[in-house]
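Structure first, commentary second.
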Amino acid sequence: MSDTAARRFRPPAVPQVEVRGFWGPRIDVVADRTVGILFDRCIAAGTLDQVDPAVPVPDLRIPFQHGNSVTTQMFWDSDFGKIIETAAYALHRRRDPALERRIDEVVDAYARLQAEDGYLDSWFQRMRPGERWTNLRDCHELYNMGHLIEGAVAYFHATGKRTLLDVMARCMDHVIATLGREPGKKPGYCGHPEVELALVRLARATGERRYLDLAAYFVDERGRSPNYFDVEAEVRGERSEDFWFKTHEYSQSHLPVREQDRVVGHAVRAMYLYSGMADVATETGDTTLVEPLERLWADLTGKNLYVTGGLGPSQANEGFTVDYDLPNESAYAETCAAVALVFWASRMLGRGPDNRFGDVMERALYNGALAGLSLDGTKFFYENPLSSRGDHHRWTWHRCPCCPPNIARLVASVGSYAYGEAEGEAAVHLYCAGTADLDVGGGRRLRVVQETDYPWSGAVRLTVGLDAEADLALSLRIPAWAEGPTLSVNGEAVDLAAVSVAGYARLARRWSAGDVVDLDLGMRAKRLYANPKVRQDAGRVALRRGPLVYCVEAVDNGPLLDGLSLSPTTEIRHEFVAGLLGGVVALSAAAETDAADWGGDLYRDAPPDRRPTALQAVPYYAWDNRGPGEMAVWLRACAPDAKRDGTARS
């Protein structure tokens, strides 16, 4: 194992990072509008009625599916957990006594609901009493607890209040007494992974090793033979072959995790599981998890990942199908899956900076995840296709409202994903104007102030703050898309090749307060082409500039976007347009389109005429924020025409 791999990097807590720049206004939108909307719509749906033991037990509001075992109402606790987490980050952004009172009301209801033995799940305590721990495969008990843990940790960090933190610690003590390999316990784990990564956060917040050990148990036990989900189904009087989804690949429990080498099943479950595996590997030093994580990462990024960082093409299983199956118009690409990929990539950075992980984290964050939230913070995407006929739009709420609080909590906490802190060093994973106060061990704090217009510009200035001179390493991600990047410290050029380690510039030196690092990433528009095995994108081209993937919309380009084609040599221009979509860099180029001259004919024996046109592309995350209309990420790539394009550069 290399020295880099042996180091343990952790993300800073949200209060350690002040975010400005591109992400600052987006956090403000979440704090000012989205979090209130999440509370209002969740309570209007009846969620608090199910939790609060002071009100009568409510009726079932969302019907069962797949027999009498599955309804989205059974994981309402997870929605409250994510909303509390989002609200906690909003409170860090700005104090809001009214919002804090709303959180306290919900926390108080959970504290009163908690059973004497520590168990906590509103579905099984209020709606299905007596059935707890009987169907871990389908019923989300541990998943609910995991999200409540994450909300509890965030609220504790934001306010110092530990009521919910203590409630969830007591709940996990009950889980430790109930699930495990010891005699008298059930050797179970959750059908929907999530609690694993939450337990690591709980262990870090409380300093209690037993929660980390429980996370490791859940990782280790998953998929062992005999499969626990088959055993518990038999106890319920069900045949394992009658499982509504037919295969344990759906929940990544078909094999022990160390034997898995393909991303399969439900995409969100997969990403949460791999996040938990990576966290356990980092915190425990368990290197036996590293090789399977690397195999799974290679399988996802090499065969199963959309150019936007979206994943999971199929609605049928909300997940994966076969390699290179990446349809555009029917892409499922759930917002939660892209959010969870950001989580996994961030946790893969726990063993040391590596731009394989940082680049994918950035791609999923800026594109596949951020598209899930409208610019005004009021509407949401569940699915994120890469092509639309104009009939796909964000919605205000959903009977499975997992995505709104998920994207909201990610945006509100984005500062914690931008940095990593370790003993004697720090890493910058994401570039955004702001200030971070990082713990680099030995009682030392390293302040990093970023000045940048990223992602619109690749120029970044970082100023170091220290109480006293110190020998430290500061690693800066150099994205694979960067072209001709340059680096200097206090005005002196640095040879990037000489300091490059796994795609990061590692600056190990004696630092003083006021030292300045200037990085320019050489950002320009580029064309992207898909592997020929991705048949849906054969003969097509996509546009990217820096971390942003672009799309064309009918509102800018007229209808029949599938008729647009782009030469491989025509110049792609970029311009910041302040009045467009809140201020974006738009791309433009000369293109061709099919002439709409076919009248009522369906077929002809000659191809359509082509005519020149002007193309404008906008960042994918911002689509469907104006009038309804078609959208496309992948354009037809036409053959170069030297007479038309001359020597124009790309």
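The values are calculated or read from the model by the stated rules, or taken from the named source; none is laboratory data. Computed from a predicted model, the values in this text were never measured in an experiment. Using ideal geometry, Cβ is built from the backbone for each residue, glycine included, and neighbour counts are taken over all protein chains shown.
List of remarks:
- Subset tally (residues that are surrounded by fewer than 21 Cβ atoms within 10 Å (Cβ to Cβ), of a type in the set (Ser, Thr, Tyr) and in contact with a helix residue (DSSP H, G or I) (Cβ under 7 Å, 6 or more places away or on another chain)) for region 545-569: 1
- Across region 149-189, the qualifying residues are those that are touching a helix residue (DSSP H, G or I) at 6+ places or on another chain (Cβ under 8 Å) and small (Gly, Ala, Ser), and the one among them that is modelled with the lowest pLDDT is 158.
- Taking region 486-561 and the strands (runs of 3 or more DSSP E) fully enclosed by it, the elements with 3 or more residues that are over 24 Å from residue 447 (Cα atoms) and touching a residue at least 12 places away in the same chain (Cβ under 8 Å) are at 525-528, 540-545, 548-553.
- Of everything in region 398-418 that is within 20 Å of the chain's Cα centre (by Cα) and not in a helix (DSSP H, G or I), the residue that is farthest from residue 376 (Cα to Cα) is 418.
- Residues satisfying the stated conditions in region 314-329, i.e. surrounded by 24 or more Cβ atoms within 10 Å (Cβ to Cβ) and farther than 19 Å from residue 273 by Cβ: 326
- Tally of residues being touching an Asp or Glu at 6+ places or on another chain (Cβ under 7 Å) and surrounded by fewer than 17 Cβ atoms within 10 Å (Cβ to Cβ) across region 498-523: 3
- All positions within region 600-622 that are out of contact with any Asp or Glu (no Cβ under 9 Å at 6 or more places or on another chain) and without any contact (Cβ under 8 Å) to a residue 60 or more places away in the chain: 600, 601, 602, 603, 604, 605, 606, 614
- Residue in region 367-374 that is in contact (Cβ under 8 Å) with a residue 24 or more places away in the chain and either charged (D, E, K, R) or outside the structural domain of residue 390 (by TED's automatic domain parsing) (or both) present: no
- Selection from region 107-153 of residues that are on the phi > 0 side of the Ramachandran plot and in contact (Cβ under 8 Å) with a residue 60 or more places away in the chain: 140
- Qualifying residue in region 153-164 (condition: under 21 Å from residue 272 (Cβ atoms) and among the small types (Gly, Ala, Ser)): yes
Table: residues versus (1) farther than 30 Å from residue 21 by Cβ; (2) among the hydrophobic types (A, V, I, L, M, F, W, C); (3) modelled with pLDDT of 95 or more.
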site	(1), (2), (3)
281	yes, yes, yes
296	yes, yes, yes
320	yes, yes, yes
332	yes, no, yes
344	no, yes, yes
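- Contacts under 7 angstrom Cβ, first residue in region 257-285 being under 17 Å from residue 201 (Cα atoms), partner not in a helix (DSSP H, G or I), 6 or more apart: 272/193; 272/194; 273/193; 273/252; 276/193; 280/286; 282/8
- When each of 467, 391, 437, 471 is tested for being among the charged types (D, E, K, R) and closer than 30 Å to residue 624 by Cβ, the lone residue that passes is 391.
- The helices (runs of 4 or more DSSP H) falling completely within region 154-256 include none with 3 or more residues that are in contact with a Cys (Cβ under 7 Å, 6 or more places away or on another chain), touching a residue at least 60 places away in the same chain (Cβ under 8 Å) and closer than 29 Å to residue 312 by Cβ.
- Residue check for residue 447: of a type in the set (Lys, Arg) and not in a strand (DSSP E or B): no
- Boolean, residue 475 is in a strand (DSSP E or B) and small (Gly, Ala, Ser): yes
- Filtered by the rule that a residue be aliphatic (A, V, I, L, M), assigned to a loop (DSSP other than H, G, I, E, B) and closer than 30 Å to residue 92 by Cβ, region 115-153 gives a lone residue, 120.
- For residue 603, the conditions (1) on the phi > 0 side of the Ramachandran plot; (2) modelled with pLDDT of 90 or more; (3) exposed (fewer than 11 other Cβ atoms within 10 Å of the Cβ) are fulfilled apart from (1).
- Test: residue in region 118-136 that is small (Gly, Ala, Ser), assigned by TED's automatic domain parsing to the domain that holds residue 268, at pLDDT 95 or above and over 22 Å from residue 190 (Cα atoms): no
- Among the numbered conditions (1) under 23 Å from residue 458 (Cβ atoms); (2) within 31 Å of the chain's Cα centre (by Cα), the only one that residue 516 does not meet is (2).
- Residue 487, sole failed condition from (1) on the phi < 0 side of the Ramachandran plot; (2) touching a Pro at 6+ places or on another chain (Cβ under 7 Å): (2)
- Being among the acidic types (Asp, Glu), more than 29 Å from residue 555 (Cβ to Cβ) and either at pLDDT 95 or above or not assigned by TED's automatic domain parsing to the domain that holds residue 342 (or both) is true of residue 437.
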